[in-house]
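One structure is given below, encoded as structure tokens.
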Amino acid sequence: MIRLDKVVKKYLIGSKELLALNYLDLKLEENCFVAIVGVSGCGKSTLLNVIAGYDDIDYGSYYFRDENVNKFSEEKKLELIKSIGVIFQDFNLLDYLTVKENILLATRYMKGKNDLQQIIFKLDIADILNKYPNQLSGGQKQRVAIARCLITNKKIILADEPTGSLDNENALKIMEIFEKLNNEGISIVIVTHDINIATRCKKIIRMENGRVVN
Amino acid sequence: MWLIKEVFYQRKRHYLTITAICISIILVLLVNIISGYIIDNVNYSFEQLGLNINCIQLLKNRKDNWIDFIIEDCRIEKYSRYNKKQERDYKIIGCDSDLSQVFTFEFESGSFLNKTSNMYNDNQVVIGNKLKHYFNCYQIDESININGITFRVVGILKKESRNLYEEFDDCIFVFNDYVTDYNHCGLYFVSESRFDDRYLNEFLGKDNYLFVDQSQTKESLNSLLKLIRNVLMVLSFVSVGIAIISLVNNTLNNIYTRMKEIGIKKALGASSKDIYIQFILENMIIFLIGILISLIVVFSVVKVINISLKNKIAIDLSDNVKYIVLILTAGSICNIYPAKKASEITIIETIKNREFS
């Protein structure tokens, strides 16, 4: 489904060049449940940004469903972004919209909409639909962020430290949701530095200095 | 609905911008409406009082029959001589009954008597409305005493009667040669075409007379009023410009405070075009709100002003719509740049700015 061949991503910090991804090779299969682990600065988030289509690579090839992303037009790239759901540590909900409006926000830009009631039931957020993000706990916010991914029928969810701002109980609840979604056929890729979270995944990929080492 | 929510959510700066837009639009509309009203009223007054009536007033005493010469040389058919004298409490205008053929007088009672009338004689007067209290004379055919001479009142003018040259409330029209101050004698005459005053220069001498041409006066007054109106309109449009700059500046600042929002929307699949349209629409909504408030204020102000006016101010919507459309178009065009800037922001930029992730 996703294949990265010798991918290089550099950043300029002042006059110094930083190699965030260093000839990285990676292959992710359909319906995978993968944790990407590594120390801070090893390139985990950069890898996620590249896979999500947010950032371009400097060298190598990125194949998404056997199509070379390097050769994508702006429109095709937008399609890639639309087909992958991303969940962040800080939830990224819009404060001025209610939970329901935040979930439906994605449908403004994408055709095809899943059954809202089913998602609400699945994520247990029925009683907070009319609340604003600042009235929610961290766990509730993250469930809303997941609901926002599911409303537009995403088959891949990338999660950057999804449990980073949550307590243990809420973190486990989120992982249970990811497990359920994976069982329903959704591919999940989690970036984390928490080994307890990583061990809940089917596969763990370790990164060091911009490369997959294990 | 979402768009309106987005416009007003925690964006107090929008309220200031809307206020600036309102003030400038109110200025433009009020200047246009009120100056239009003044110009129309001036023209209307001129037309009411007779546009083709001219006046020659002698400034230096002459012993000859200068009026007769002018009438003959210039072939003037409709005319009336006059002779003014200012007393302490009233003004006496010596005239003949032809004055009523040049000007239209409105009478409360009575009328000018023609020379052909059996009743006509030299000791008859028409008085201005205010003077009926002064002479204690409230109906015609009563006698009044002016400087020891008794006159019969044949007409009392309506209140606030006037011609282009003076108000008649404190005037007495006498039908004889009673007035002897020849420094203030003159001629009213009707001229359908523009009167050539070069002849007067030669005949009376350049500084010896005063010539008033109504249509010329109207034109000069009109061009002066239009100049004032144009200057005020330019100043109002400068304020519109300032309001637009404030809106553009506000939008540019907002881009950086709204990076998180732009990032989230782009991550959810919004294209650059979606963000561009959103910013353009938001600014249009701000302008439309400003226009709506301005219209309410302008209509209310005009309604209040109309309470104290005899001739009511009418708002010509079609005349004002062009200014509103012009302001809206200028505002929208000026907002293309900030909207474009906002649409060019990439998700990765928002992530790097730590506003997004």
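Please determine, by comparing only the residues of region A:38-56 that are hydrophobic (A, V, I, L, M, F, W, C) and modelled with pLDDT under 90, which one is least open to solvent (accessible area, probe 1.4 Å). Among them, the one singled out is A:42. Being buried (at least 20 other Cβ atoms within 10 Å of the Cβ), of a type in the set (S, T, N, Q) and closer than 22 Å to residue A:207 by Cα is the requirement here; does residue A:92 meet it? Spelling it out, it is not the case that residue A:92 is buried (at least 20 other Cβ atoms within 10 Å of the Cβ), of a type in the set (S, T, N, Q) and closer than 22 Å to residue A:207 by Cα.
A residue that is in contact (Cβ under 8 Å) with a residue 12 or more places away in the chain, within 14 Å of chain B (Cβ to nearest Cβ) and open to solvent by less than 50 Å² (accessible area, probe 1.4 Å) occurs nowhere in region A:125-132. The set of residues from region A:1-28 being loosely packed, with under 13 Cβ neighbours inside 10 Å, over 14 Å from residue A:212 (Cα atoms) and not hydroxyl-bearing (Ser, Thr, Tyr) comprises A:12, A:13, A:14, A:16, A:17. Of all residues assigned to region A:73-80, none qualifies as being open to solvent by less than 80 Å² (accessible area, probe 1.4 Å), closer than 30 Å to residue A:194 by Cβ and touching a residue at least 60 places away in the same chain (Cβ under 8 Å). Contact map, region A:23-46: first residue within 15 Å of residue A:204 (Cα to Cα) and charged (D, E, K, R), second residue open to solvent by less than 50 Å² (accessible area, probe 1.4 Å) and part of a loop (DSSP other than H, G, I, E, B), Cβ cut-off under 7 Å, separation 6 or more or different chains; pairs are A:29/A:1; A:44/A:38.
Checked against (1) loosely packed, with under 15 Cβ neighbours inside 10 Å; (2) in contact with a helix residue (DSSP H, G or I) (Cβ under 9 Å, 6 or more places away or on another chain); (3) among the charged types (D, E, K, R); (4) closer than 28 Å to residue B:310 by Cβ, residue B:108 passes all but a single condition, namely (1). One residue stands out among those in region A:183-193 that are surrounded by fewer than 18 Cβ atoms within 10 Å (Cβ to Cβ) and not small (Gly, Ala, Ser): the one that is modelled with the lowest pLDDT, which is A:193. When B:293, B:315 are checked against the criterion of being assigned to a helix (DSSP H, G or I) and of a type in the set (Val, Ile, Thr), a single residue qualifies: B:293.
Is it fair to say residue B:221 is among the hydrophobic types (A, V, I, L, M, F, W, C), touching a helix residue (DSSP H, G or I) at 6+ places or on another chain (Cβ under 9 Å) and within 30 Å of residue B:52 (Cβ to Cβ)? Yes, satisfied. With a requirement of 2 or more residues that are more than 10 Å from chain B (Cβ to nearest Cβ), the strands (runs of 3 or more DSSP E) lying completely within region A:8-89 that satisfy it span A:16-28, A:33-37, A:59-64. Of all positions in region B:342-354, at least one carries a residue that is more than 14 Å from chain A (Cβ to nearest Cβ), in contact (Cβ under 8 Å) with a residue 24 or more places away in the chain and within 23 Å of residue A:53 (Cα to Cα). For region A:102-124, the criterion of being more than 13 Å from chain B (Cβ to nearest Cβ), open to solvent by less than 10 Å² (accessible area, probe 1.4 Å) and at pLDDT 90 or above is satisfied by no residue at all. With the structure loaded, tell me whether residue B:298 is touching a residue at least 12 places away in the same chain (Cβ under 8 Å) and more than 14 Å from chain A (Cβ to nearest Cβ) or whether it fails that test. So residue B:298 passes the test. If you go through region B:256-295 and pick out every residue that is hydroxyl-bearing (Ser, Thr, Tyr), within 13 Å of another protein chain (Cβ to nearest Cβ) and crowded, with 20+ Cβ neighbours inside 10 Å, you end up with 0.
The values are calculated or read from the model by the stated rules, or taken from the named source; none is laboratory data. None of the values given here were measured: they were computed from a predicted structure. Backbone-built Cβ (ideal geometry, glycine too); neighbour counts: all protein chains shown. For accessibility, only protein heavy atoms count, side chains too; no ligands or nucleic acids. Shrake-Rupley method; radii C 1.70, N 1.55, O 1.52, S 1.80 Å.
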